[in-house]
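Inspection log for the structure reproduced underneath, given as structure tokens.
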Amino acid sequence: MATQLLDLHDLRTPKRGFEGRDVPENELIDACVRCGFCLTSCPTYVETRKETSSPRGRIYLMKAVSEGRLDIMSDGFVEQMYECLDCRACEAVCPSGVQYGKLVEPARTQIERQLKRPLWQRAVRTLTFKGLFGDLRLFRAMSTVFKVYQKSGVQWAVRSSGVLKPFGLDEMEGFLPKMSGRFFVPEGQSYEAVGPQRARVALFGGCIMGTAFARVNRATARVLARNGCAVVVPADQGCCGALNVHAGDLDSGRTLMKRNIEAFEALDVDAIIINAAGCGSNLKEYGHVLHDEPEWAARAAAFSAKVQDISEYLAKLGLVGELGEIKARVTYQDACHLAHAQRITQQPRDLLKAIPGVQLVEMKESSLCCGSAGVYNITQPEMSGRLMKRKAKNALATQPEIIISANPGCMIQLAAGLQSEGVEGIKVRHLVEMLDESYRRAEGANTRRRIRPDRRPSQRSKATATTSHEAAVEDKSRGEGATGNVMGMDAQAVSRR
Ligand code: SF4
Ligand code: SF4
């Protein structure tokens with residue numbers, strides 16, 4: 001999209017502005033006092049040094065649209081709303097408490113309602129946001145196609161031949177994460193607590209977490225069970241809607257939110273646990289997004305109040321059980337929607353440090369966005385690539401054996417960054433995989449317990465779910481998620497060429 005000079009002072013030409021529902025609120029816009037404290041935390045400003053590419057600049061543009069001084073469809077405005085990563089780093093450092101996410105997401109929604117996209121783009125957006133994210137059966141069917149594509153050798157042939165390059169699709173294909181052998185399908189399964197039951201929680205399975213990161217979901221359930229949590233995985237849950245919201249489709253996002261509220265609200269659980277930072281941040285904001293719908297406002301707020309990131313929850317609960325040694329030099333990459341949107345930075349580090357043998361080495365700019373940001377690496381490949389390289393360089397400077405993060409997008413981007421640097425042998429792992437592996441090691445190779453879900457749908461109330469016992473022992477291997485050794489598994493592979 002071409003950058004045009006923004007004429008903020010032409011008051012004679014009529015301007016299209018914000019209208020209807022989901023308007024960036026003037027009160028939130030006016031909270032910005034233009035102090036500039038946020039500039040050096042903003043990845044796009046750090047890369048470009050342009051005022052319009054800063055939080056302050058973007059809020060000023062929103063103010064200009066709101067006041068009728070700038071057309072909402074001016075190229076400069078549209079470009080800046082989408083060059084922003086929605087990483088929320090500005091929010092975390094703003095002394096005036098600017099809630100930037102609550103500005104940029106409605107601003108994008110306003111743009112999308114007025115933007116005349118080409119037919120093919122409208123079709124792709126509808127298929128993605130309403131079709132695939134709207135129905136996880138479709139999402140899993142598509143993921144199965146990708147799995148066959150990856151395992152049959154077709155992917156290798158496509159990459160070797162470079163057939164996608166002339167169409168500019170090779171970069172996009174390179175971000176396709178490796179699909180799990182067995183998907184994690186929410187079907188009402190439950191996991192019983194190991195030892196005395198300390199809590200009863202529900203697990204949010206997600207979309208990509210259930211197909212490309214199924215091993216992380218299983219590890220999450222096992223770690224929770226080992227920490228005395230009875231875990232239930234309600235069947236009717238779906239995608240959280242984060243990508244819809246970030247892409248300016250708040251309407252379809254709301255549909256997904258309502259389905260999830262219905263799926264979880266009848267459960268008598270102490271918390272709803274999520275292991276993906278972007279999803280967690282969105283789940284915690286259902287209350288805000290649905291605040292103006294009387295039928296849903298209170299239910300959405302109650303749902304959001306129960307949502308906790310796995311690291312936040314475990315740190316609060318306190319780890320129990322013996323952790324085995326993982327001798328490794330690791331570095332931790334803060335996922336933006338964990339560090340900035342949820343302000344969770346210390347808990348993951350404390351949990352990592354609790355694992356014997358782990359040497360945590362901090363990387364420079366750990367909380368500067370890696371450039372993944374939902375579908376940003378596909379829609380804004382140039383800026384995303386710059387941030388990916390910057391992140392890979394900072395991570396590599398710590399000479400890690402494993403890079404840890406807590407968000408699927410970051411993990412894919414980090415793996416791609418390593419690949420683009422030609423680096424092999426460094427693993428990219430989720431925090432809970434480390435904890436899961438540590439517990440496994442403590443149990444010892446010959447006495448490992450297999451924590452398996454009870455496949456019978458469980459809607460038991462807390463009052464009736466008080467029995468706790470050692471998880472079933474099962475020796476038979478059933479695929480990647482069951483026996484994975486975090487140190488030995490292949491990197492969550494995406495390969496960019
Ligand atoms: S730190 Fe906050 S108040 Fe200051 S310029 Fe940035 S957004 Fe505005
Ligand atoms: S959300 Fe991130 S990219 Fe966007 S203005 Fe704030 S700091 Fe910059």
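Only the coordinates and a few stated rules stand behind these numbers; no lab work does. As the structure is a prediction and not an experimental result, all values here were calculated from the model. So basically every Cβ, Gly included, is an ideal-geometry build from the backbone, and we count neighbours across all protein chains shown.
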Query raised in the report: Quick one: helix 214-226 against the long Cα principal axis of the chain, what's the angle to the nearest 10°, folded into 0 to 90?
Result: 60
Query - Estimated distance in nm for a label pair at A354 and E295, the labels positioned 7 Å out from Cα along Cα-to-Cβ - result: 4.2
Query raised in the report: How far apart, in nm, are two points set 7 Å out from the Cα along the Cα-to-Cβ line at E27 and at Q121?
Result: 3.4
Report summary line: Per DSSP, the loop-located trypsin sites (Lys or Arg not before Pro) within segment 48-83 having at most 15 other beta carbons within 10 Å are R49, K50
Report summary line: Phi-derived 3J(HN,Hα) across segment 374-389 with the Karplus relation (6.51, -1.76, 1.60, θ = phi - 60°), rounded Hz, x for Gly and Pro, is x, 9, 4, 5, 9, 7, 10, x, 5, 5, 4, x, 5, 6, 5, 5
**Report entry** DSSP-defined antiparallel bridges as percent of all bridges, the chain, nearest 5
**Finding:** 15
Query raised in the report: When the Cα centres of segment 133-158 and segment 246-307 are compared, how far apart do they sit, in Å?
Result: 28
Query - Where the Cα pairs of the chain fall when distances are cut into 20 Å bins, in % - result: 23, 57, 19, 1
Query raised in the report: For the chain, can you list the cysteines whose C-beta has no other cysteine C-beta under 4.7 Å from it?
Result: C32, C35, C42, C84, C94, C229, C370, C410
Query raised in the report: Under the definition of Cα pairs under 8 Å and six or more residues apart, what whole-number percent is the relative contact order of the chain?
Result: 16
Query raised in the report: With the contact rule set at Cα under 8 Å and sequence spacing of 6 or more, what percent relative contact order holds for segment 26-114?
Result: 35
Query raised in the report: Where the centroid of each part is defined by its Cα atoms, how far is segment 21-50 from segment 407-442 in Å?
Result: 32
**Report entry** Positive-end residue of G57, S74, Q114, charge dipole of segment 26-114 with Cβ unit charges
**Finding:** G57
